1. I'd like the distance between the alpha-carbon centres of the range 108-134 and the range 46-67, rounded to an integer number of Å.
2. What does the charge count around LEU78 come to, taking other residues whose C-beta lies under 14 Å from its C-beta (Lys +1, Arg +1, Asp -1, Glu -1)?
3. Rounded, prolate or oblate: pick one for the range 75-194, where a ≥ b ≥ c are the square roots of the eigenvalues of its C-alpha gyration tensor, a/c under 1.5 means rounded, and failing that, prolate if a/b is larger than b/c, else oblate.
4. Calculate the FRET efficiency for ASN119 and ILE168 from the Cβ-Cβ distance with a Förster distance of 30 Å, rounded to the nearest 0.05.
5. So how much slack lies between ALA27 and ASP73, counting 0.36 nm per residue of separation and subtracting their Cα-Cα distance, in nm?
6. Once you have the Cα-Cα distance between ASP84 and ASP16, take 0.36 nm times their residue separation minus that, and quote the gain in nm to one decimal.
7. Give me the distance in nm between label points sitting 7 Å out from Cα along the Cα-to-Cβ direction at SER50 and ARG191, one decimal.
8. Given +1 on the Cβ of Lys and Arg, -1 on the Cβ of Asp and Glu, and no further charges, what dipole in debye does the range 78-147 carry about its Cα centre, rounded to the nearest 20?
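The values are calculated or read from the model by the stated rules, or taken from the named source; none is laboratory data. What you are looking at is a predicted structure, and each value in this text was computed from that prediction instead of being measured. Every residue, glycine among them, receives a Cβ derived from its backbone with ideal geometry; neighbour counts consider all protein chains shown. Just so you know, the surface numbers come from the protein's heavy atoms only, side chains and all, with ligands and any DNA or RNA stripped out. Shrake-Rupley method; radii C 1.70, N 1.55, O 1.52, S 1.80 Å.
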Amino acid sequence: MTAPAKRPGRRPGSADTRGEILDAARAEFASRGYEKATVRGIARAAGVDSALVHHYFGSKDRVFLAALEFPVDPAAVLEQVAGDAAGVGERLARFVVGLWEVPQARERLLAVLRTIASNEEMAALVRGFAQPRLIAPLAARVGGPDAEARVEMAMAQIIGLAMARYVIGVEPVASLGSEELVALLAPALQRLLG
């Protein structure tokens, strides 16, 4: 007698298939890295069909973002900064400050920031994810000499601001209003990206 064929979709008896997929995804990304992890491998580790992973998340990028609980899709960043080169610094500054000012997003961003600051494997995962999806496309839009290095410097400026304001609480940066923060950050980003 042969074993019955595995049916696609939700397996019987599990109340939290989505959570189990995320647990499997975290383990796969941690052990294999972003580039080598696959939706099929995640599905296999979770004991589900890969169609179910696609049903819940749509793509490997979205599984990764959900697994890290990352509150923003790099495509949204690219969409926000699109436009004339003269205003790219202010558009990016407004997007970043606006995102960090939302309490739920800030909590998740802080969790990611603290994790990548203390865990090289997670830092490598985030680098492997962000480079082709955010850094390279933004550099292509910005153009000019050393575009990728300038985008990386802008990201370093943003990460430094987040550390100073939200993790360390450096004054007066920690207590500046959103508009004051944008006014100070935008010119620095513009010099790098404009």
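1. First find each Cα centre; the distance between them is then 19 Å.
2. Values: positive: ARG91, ARG133, ARG141; negative: ASP61, ASP73, GLU79.
Value of the local net charge: 0.
3. On the way: a/c = 1.78, a/b = 1.13, b/c = 1.59.
Oblate is the answer for the range 75-194, as a/c is 1.5 or above yet b/c matches or exceeds a/b.
4. FRET efficiency, ASN119 to ILE168: 0.95.
5. 14.5 nm
6. 19.9 nm
7. Once both label points are built, they end up 4.8 nm from each other.
8. Details: 8 positive and 8 negative charges, 22 e Å.
It comes to approximately 100 debye.
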